[in-house]
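Working notes, structure below.
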Amino acid sequence: MFRSGAGRVQISQEQIAARIQALGQEIKRDYEGQEPHLVCVLNGAFIFMADLVRAIDLPLTLDFLAVSSYGNAEKTSGEVELIKDLRLPIAGRQVLIVEDIVDTGITLNYLLRLLEARQPASLRVAALLSKPSRRQIEVPIHYLGFEIEDAFVYGYGLDRAQRDRNLPFITSQA
Ligand code: 5GP
């Protein structure tokens, strides 16, 4: 897995693209003959979602939900709030949650409980980034882009005080 060293994270556009192609192929293999339903967790996962769905060569459907983020703070408050719910039902569907980053695991744990209660046929998680050293709740990640060390990262959909989501790479440098 990806480790940059020296307390910094720098993942290039090319590294992200290559990893997402590999994830797309893995997902295609696992869901062959099925029609997965991808659920994008807004806002941070919107670019990852857009690239990931185009890397999955299968018929699929998708939807979006939004949860409260850290606001402009860099640490979690520990409370998650559903800001925007899904538009489509997921009962009986092969649901794949698409998250930008799993940090403490609190957000993903909340989402897994929320969606599991709606009785999907299966429920899995694709996350672009994971910071395992920060985990407070163990959560499953079936498809992971990069494991990173504990640094605040931004770019490629992830914000720094709402800015820098449009950077084509991921960085932790000021
Ligand atoms: P968790 O609930 O796992 O602690 O945090 C998940 C959410 O926190 C992510 O979906 C993301 O919105 C935000 N987050 C966690 N770490 C980072 C980070 O390093 N950079 C940014 N921009 N957001 C983060």
Note on segment 158-169: residues assigned to a strand (DSSP E or B) and near the ligand (Cβ under 9 Å from one of its atoms) are L158, R160
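Residue by residue through segment 115-140, note down the ones that are more than 27 Å from R165 (Cα to Cα) and either within 12 Å of the ligand (Cβ to nearest atom) or touching a residue at least 24 places away in the same chain (Cβ under 8 Å) (or both).
Within segment 115-140, R118, Q119, P120, A121, S122, L123, E138 meet the criteria.
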Among (1) more than 22 Å from D51 (Cα to Cα); (2) of a type in the set (A, V, I, L, M, F, W, C); (3) more than 9 Å from the ligand (Cβ to nearest atom); (4) modelled with pLDDT of 95 or more, where does A174 come up short? (4)
Have a look at I56, I16 and point out the one that is in contact with a Leu (Cβ under 9 Å, 6 or more places away or on another chain), β-branched (V, I, T) and away from the ligand (no atom under 16 Å from the Cβ). I56
Anything in segment 146-157 that is among the hydrophobic types (A, V, I, L, M, F, W, C), closer than 20 Å to Q21 by Cα and near the ligand (Cβ under 9 Å from one of its atoms)? List them, or say none. I148
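The values are calculated or read from the model by the stated rules, or taken from the named source; none is laboratory data. Quick caveat: nothing in here was measured; it's all calculated off a predicted structure. Cβ coordinates were reconstructed from backbone atoms using ideal geometry, including for glycine residues, and neighbour counts include every protein chain displayed.
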